[in-house]
Amino acid sequence: MTSRHLRQRRLSRATAALSGRKRGAQPKVVALGGGMGLSASLTALRRITGDLTAVVTVADDGGSSGRLREELGVLPPGDLRKALAALCGDDEWGRTWSQVIQHRFESKGDLHEHAVGNLLIVALWEQLGDHVQALDLVGKLLGAHGRVLPMSAVPLELQALVRGHDPERPDDVSTVRGQATVALTPGEVQSVHVVPADPPAVPEAVAAVLDADWVVLGPGSWFSSVIPHLLVPELLDALVTTKARKVLSLNLAPQPGETEGFSPQRHLEVLGRHAPKLAMDVVLADEAAVPDRESLADAAQRLGAAVELAPVASPDGVPIHDPELLAAAYDRIFRMHGRIGPWR
């Protein structure tokens, strides 16, 4: 049997397992991240729980979000919009609204490349004067299967110490500013921090983490989408003290620029350096993306976590997560590693 046929068979099993799962009380899940990584997690998680909250990074400074942020002084709406789109259902209403808010204008004027959802979110922020209330209202309009919250109440600037950002001086360490620049640096990112240094967390995000049964961190751009959540003191305190169990979901491959050449275990080591008090319970990785399982297990153990390997990548070989396979992996982790809860 070919590798492709094997993965297709696993996908069929995962779909059958999820469709046959008993209804009832469900785990409260909070997923943290940004961009396409968080969207992948949310698309999977909404299949297995109806009590889902996304806590989204607000450091984006590129594209439509960056332009709105610079012109209006608002939180960057782009990652929030992507999270809302990922929470849309698979029915006609959900598919339609997901496409509408992701639609980008094409013109020779100021609207070029602005996303409809970004403009809608910012308009409601201005109308209501409340980030959370506005996002809840957009979620209600879309029929979103969960809630979307910003991680901080103020827009953040991401800064990184990078070795070799200037290719002509490969040994120099310099400060690189801006999420978009950090994500594309040709150098080696040493560490990241945010400005302001002690940003206020959104209280609803902190409350959601403290009240959760499970917290999922990742996948996504490691330095620009995942680690920034650990740089908001109140949010980090909540992650450290919550009674929720925590899953760290790894990427399928290193990201060009930001984590070029990183092994799976190095991702864990970097996270541990940024938040040494944060323990995890489970590290989830695609079984085909881990060449050295022993080293990954050792790195996970230093975080207090067990490793779960599962086929979560798209069966067609494209390095993206398959929603059904990822959902099946999360579902299995919640049942195998969770404390006895009413959803079991």
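Using a 1.4 angstrom probe on heavy atoms only, work out the carbon and sulfur share of the accessible area of the stretch 99-154 in %. Roughly 53 percent of what the probe reaches on the stretch 99-154 is carbon or sulfur. Applying D = kT/(6 pi eta Rh) to the chain, where Rh is the Kirkwood radius over alpha-carbon pairs, T corresponds to 25 °C and eta to 0.890 mPa s, the Stokes-Einstein value obtained is 120 µm²/s.
Overall, the stretch 161-266 carries a charge dipole of about 260 debye about its Cα centre when +1 sits on the Cβ of Lys and Arg and -1 on the Cβ of Asp and Glu, all other atoms neutral. Among beta bridges identified by DSSP and lying wholly in the chain, the antiparallel ones come to about 35 percent. Placing unit charges on the Cβ atoms only, positive for Lys and Arg and negative for Asp and Glu, gives the chain a dipole magnitude near 1580 debye about its Cα centre.
Helical content of the chain, expressed as a calculated mean residue ellipticity at 222 nm, amounts to -12500 deg cm²/dmol (DSSP H runs of 4 or more residues, -39,500 (n - 2.57) each, divided by residue number, nearest 500).
Report the local net charge at residue 204: Lys and Arg +1, Asp and Glu -1, summed over other residues whose C-beta lies under 12 Å from its C-beta. Write down the numbers at each step before the final one.
Details: positive: 147; negative: 130, 136, 211, 234.
My count for the surroundings of residue 204 gives -3.
Which pairs, out of 28/140; 82/277; 82/140, put more than 27 Å between their alpha-carbon atoms? Cα-Cα > 27 Å for 82/277; rest within. Taking a straight Cα-Cα cut-off under 14 Å and skipping sequence neighbours fewer than 8 places away in the same chain, the aspartates and glutamates within cross-link reach of residue 243 are 211, 213, 281. Of the GluC sites (Glu not before Pro) found in the stretch 151-236, those in coil by DSSP whose Cβ has at most 10 other Cβ atoms within 10 Å are 168. Based on protein heavy atoms only, the chain ends up with 45 Å² per residue of surface accessible to a 1.4 Å probe.
Within the accessible area of the stretch 248-344, the carbon and sulfur atoms contribute 52%, probe 1.4 Å, all protein chains present.
Tell me the relative contact order for the chain as a rounded percent, counting alpha carbon contacts under 8 Å between residues six or more apart. Could the numbers behind the result be given before it?
Working: 693 pairs, mean separation 64.4, N = 344.
Relative contact order for the chain comes out at 19 percent.
The values are calculated or read from the model by the stated rules, or taken from the named source; none is laboratory data. As the structure is a computational prediction, the values presented were derived from the model and not from experiment. Here Cβ is always computed from backbone atoms with ideal geometry, including for glycine, and neighbour counts include all displayed protein chains. These area figures cover heavy atoms from the full protein model, side chains too; ligands, DNA and RNA do not enter into them. Shrake-Rupley method; radii C 1.70, N 1.55, O 1.52, S 1.80 Å.
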